[in-house]
Structures are given as structure tokens and as C-alpha cells.
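Asker: Sharing a structure below in C-alpha cells format, with a few things to ask.
The values are calculated or read from the model by the stated rules, or taken from the named source; none is laboratory data. Note that the structure is predicted; figures quoted are calculated from it, not measured. Methodologically, a virtual Cβ is constructed for each residue, glycine included, from the backbone with ideal geometry; neighbour enumeration extends over all protein chains shown. Protein only, heavy atoms only, side chains kept; ligands, DNA and RNA dropped before computing areas. Shrake-Rupley method; radii C 1.70, N 1.55, O 1.52, S 1.80 Å.
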2 protein chains.
Amino acid sequence: MEEFQTNIGENIKRIRKERNLSLDKTSEITGVSKTMLGQIERGKSAPTITTLWKIASGLRLSFSSLISQYKPNVTIVKKKEVNPIIENNGQYRVYPLVPYNPEQQFEIFSVTLEPGCEHIAEPHTTGVEEFILVNEGTLEVVVNEQVYVVEPEDTLIFKADRPHIYRNNGDCIVKCSIVIHYSSQ
Amino acid sequence: MEEFQTNIGENIKRIRKERNLSLDKTSEITGVSKTMLGQIERGKSAPTITTLWKIASGLRLSFSSLISQYKPNVTIVKKKEVNPIIENNGQYRVYPLVPYNPEQQFEIFSVTLEPGCEHIAEPHTTGVEEFILVNEGTLEVVVNEQVYVVEPEDTLIFKADRPHIYRNNGDCIVKCSIVIHYSSQ
DNA sequence: CAAATTTGGTCGTTATCTTGCACGTATATA
DNA sequence: TATATACGTGCAAGATAACGACCAAATTTG
């Protein structure tokens, strides 16, 4: 969120430096004040889209080149530190490991189903696809009135723009990883 | 510029309607106030990038899907109505027909060189490519200390991240169209 | 070395984005 | 008919983006 500002700022500054442009010259080219450019570069200000448009146009850049994150960083997500979303009286627990991001266009969850749990999921918008990787237990998924049995280490892929049901009919717990991809054409 | 705002607004409204979401619900999902959403949809406000980020994330959209222009419109550009950029004492005239746009990543000019005109062009940034389509007369272009003679109806393509010279050594006027493409990886 | 220019930044003011609240309309409900 | 619910928009207040003028350090120039 906040890092988003800093990212754009770093991108602009990097490109400006590569081209040996001063803030003054850049201001002249883009029509955005020097002060604003400086603040944006330092992440002190979140530009409006019209300002960003001026910068992109003046510098002859695409939006993606300004927005793209420079992330050579390593991130480790500890499941214990993630607050699960509880449903079905605690029998169905969703751990958001990787939140959605307009760049990557997907999100990743770890999901746990207690024995006997049946969870009815709302259909997503059109173009959404789910990838379910079962780690422990046997998961049953109902899509299009068809029951699919997914064994451990197996993966189920389906278009999730329709109602679907997750079910644990076994005796032991079911743990799986779910990747949800949003196409938005 | 201003149409840019309206474009984003229309995109958001269209997607929101497709999903049968109210402004209230959308506000709840995205964390952006209902009032703001309404104003953005109506093009009354240019959101900051953080606000746009919230909208894109909440609605699970990419930036491009929000930014992309819906343009089934036909546009006709009359050269007579375009103000040329005059250089070399009026011997070198540049008519910007299609201005740069962060989406398309290129711009189009019509260029006229009077007989005897020699124009020295500044090198562009790396990754820039020029496409020169000669319509009338014979154009000479110097790149990398090499002289290229471009006859009418012929096209010259070269990487323009180095100094280059346009020259009209003939007796009659030279008219050509130039497409400049900016890669910005 | 001193003057001049360039560079990036701060300060105060203005414009505008952003919000919560309230209002009007429309549709459904009792 | 009256009540309730949902929907989008107008209004005033607060926050903040955007600008122009001014300042200090670094670099260039004479």
C-alpha cells in the first residue's frame, strides 16, 4: 500500500537519473511542478492519475514501467502469524498467505477442513480459475453437480465462476493450498 | 487528459454493474468511500494512485483493465489544423498527428523538408525505434556515419538512440511520415 | 579563488481529493 | 396508504496533492 508510492517514486527517479535529467528539466517536459516530482520520488506524495499520466506521457513511458514493483526482496510468511478467516463454526479455516495484487492478478490461501465439514462457496466473477493442491486428507469438490475426489498430492483446476462445494468426508483433517487467478481479460 | 478520468470512471462503473454491486457494497469491499466512488465513476474526480490501488485490489482487477480506453470512435486528424513545430528557419516542419500515449507507446508525425535542408536530430533514449515512410522526394538519413538514401514509397527503420541526420539534397520538397516507438521494456 | 549556475529541497498558499452525513428517489413490504 | 430498504447524489469539513517562491549545498565557470 504505502510501499506502492515508494515504488513509483523509485521508478521515476531511476529513469530520470538514467537519462541525466534534473527535476527542473523533468518538470518542464512533463508539466508537473518540480516540488511535486520531488515529493513523488521520495514517496512523500501519492500522485493523482492525471499527474501520473503527465509524467508517463512527458517521459514517454508506459504505465506498467512506472507501476512495476522492483522486488528482489525475500519475504517469508509464517502461517502461525496469519489470522485465519473462520467459517462453518471453525470447521473451515482460510489463511490468506499471499493477498491479491493488481500486478500478479492472483492470491494464495491455505485452507483447512475438519472431518465432516461441508463448505458452500459463492461463485466468483467470470474468468476466475481455482487451483487446489491437496496436502493432507482427501478433498471432495462439487462443481457442475459433479463430485471430484482429490487425493493428497493431487491438484484440481476448475473455472470458479459457478457455485462449488468443498467437502471433507474422511476421518482426518484436510489441508490444501488454493491459488485463485482473476483474469479480468 | 480529461477524457482519461472519464475512461477510468466508465470502466469502474461498467465492471461494478456487471457484478451487480451497489456503491455501498463496493465501498465496503474496496475501503474507498461511496461518495468518492461515485465521483470517480462520473469523472468528477481524478483519484490518487493509492485510491486506484484500493479499487483495483478490492475488485480484483489489474491496472490495465481500469486504465484501458474504450475507443470505438473514429477520429480524423486534419493536417491543416495541426500546428507544426518549426525548425531550421522554417525549412524543417514537424506536424504531430498522433501524440504520445502511455498505452500505445508511440507517436506519429508528418515531416516536411525544403530542398537543401539538413536537420540534426538529438538521439532518443535507448530502445527507441524510428520508422520513416517517404511520400515525396528523396530523403537522406545519416546513422552511424552511414548515409541511407530513401526513395519515395520506401521505408527506413532504425534504432534512434544515437545521433542521426535528416537531409534533403534534391530539388523538390521531401514529405515523409515518421512513427516513433518507445519501448521502455 | 570568487561569482554564477545548477541541483535538490523546504515553506506557505491554493486547489482538489476524500470522507461522513444527510437528502431525494425508487422499489419493495406490511 | 404508510413504512422500510436500497440506491445514487449534494454538502461541508478535513486531509492532502499541487504549485510558486525562496534557500542551501554542490558544481561549474571565469
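Asker: Below 8 Å between Cα atoms, with a sequence gap of 6+, how large is the relative contact order for chain A in percent? If you can, show how the numbers build up before the last one.
Answerer: Details: 341 pairs, mean separation 33.4, N = 185.
It comes to 18 percent, rounded to a whole number.
Asker: Related question: I'd like to know how the stretch B:130-185 sits against the 2.2 N^0.38 Å rule of thumb: what's its Cα Rg over that expected value? Could the numbers behind the result be given before it?
Answerer: On the way: Rg = 11.5 Å, N = 56, 2.2 N^0.38 = 10.2 Å.
The reported ratio for this selection is 1.13.
Asker: Which residue, A:THR155, A:THR126, A:THR35, has the most motion in a Gaussian network model of chain A that connects Cα atoms within less than 10 Å?
Answerer: The residue with the greatest mean-square fluctuation here is A:THR35.
Asker: Related question: Using a 1.4 angstrom probe and counting only protein chains, how large is the accessible area of B:HIS124 in Å², to 10?
Answerer: 60
Asker: If you don't mind, there's one more thing I want to ask. If you roll a 1.4 Å probe over the protein assembly as shown with all protein chains in place, what percent of the accessible area is carbon or sulfur?
Answerer: On the way: 9990 of 20110 Å².
After summing per-atom areas, the C and S share lands at 50 percent.
Asker: Plugging the Kirkwood radius over Cα pairs into Stokes-Einstein for the stretch A:79-182, at a temperature of 37 °C and a viscosity of 0.692 mPa s, what D comes out in µm²/s? Intermediate values should be presented prior to the final figure.
Answerer: Numbers: Rh = 13.8 Å.
Approximately 238 µm²/s, per Stokes-Einstein.
Asker: Give the interface area between chains B and A as buried accessible surface, both sides summed, probe 1.4 Å, in Å² to the nearest 100. Before the final figure, lay out the partial values.
Answerer: Values: alone 11480 and 11490 Å², together 20110 Å².
Using a 1.4 Å probe, the pair buries roughly 2900 Å².
Asker: What average count of beta carbons from other chains do you get within 10 Å of the Cβ of residues in B:99-105? Present the calculation step by step, with values, prior to reporting the outcome.
Answerer: Numbers: counts 1, 6, 5, 13, 3, 1, 4.
Going residue by residue through B:99-105 and averaging, the value is 5.
Asker: Would you check the accessible area of A:ILE108, probe 1.4 Å, heavy atoms only, in square angstrom rounded to 10?
Answerer: 40
Asker: Using a Gaussian network for chain A with springs between C-alpha atoms less than 10 Å apart, which of these wobbles most: A:VAL74, A:VAL142, A:VAL128?
Answerer: A:VAL74
Asker: Rounded to whole Å, how close does chain B get to the rotation axis onto A by Cβ? Give me the residue too, please?
Answerer: Value returned for chain B: B:THR48, 3.
Asker: Normalise the Debye intensity by I(0) for chain A, one equal point scatterer per Cα, no solvent, then take log10 at q = 0.10 Å⁻¹ and round to two decimals.
Answerer: The Debye formula, applied to the Cα set alone, gives -0.58.
Asker: Related question: Can you sort A:LYS17, B:LYS80 by solvent-accessible area, 1.4 Å probe, largest first?
Answerer: Values: A:LYS17 115, B:LYS80 200 Å².
From most exposed to least exposed: B:LYS80, A:LYS17.
Asker: What gaps in nm, shortest first, separate A:ILE85 from its twins in the other copies when you place the label 7 Å past Cα toward the beta carbon?
Answerer: Copy-to-copy label distances for A:ILE85: 5.1 nm.
Asker: Here's something else I'd like to know. Using alpha carbon centroids, what distance separates the stretch A:39-109 and the stretch B:1-57, in Å?
Answerer: Answer, in whole Å: 18.
Asker: Continuing with the same structure: Hey, got a sec? Which chymotrypsin sites (Phe, Trp or Tyr not before Pro) in the stretch A:1-90 land in a DSSP loop and have at most 10 other Cβ atoms within 10 Å? Before the final figure, lay out each step's value.
Answerer: Details: sites: A:PHE4, A:TRP53, A:PHE63, A:TYR70; in loops: A:TYR70.
Hits after loop and neighbour filter: A:TYR70.
Asker: Scan the stretch A:108-160 for GluC sites (Glu not before Pro) in coil per DSSP, keeping those whose Cβ has at most 10 other Cβ atoms within 10 Å, and list them by number. Walk me through the numbers on the way to the answer.
Answerer: On the way: sites: A:GLU118, A:GLU129, A:GLU130, A:GLU136, A:GLU140, A:GLU145, A:GLU153; in loops: A:GLU145, A:GLU153.
Within the stretch A:108-160, the qualifying GluC sites (Glu not before Pro) (loop, at most 10 other Cβ atoms within 10 Å) are A:GLU145, A:GLU153.
Asker: Just to confirm, what accessible area per residue do you get for chain A at 1.4 Å probe, in whole Å²? Intermediate values should be presented prior to the final figure.
Answerer: Details: 10060 Å² over 185 residues.
Per-residue accessible area for chain A comes out at 54 Å².
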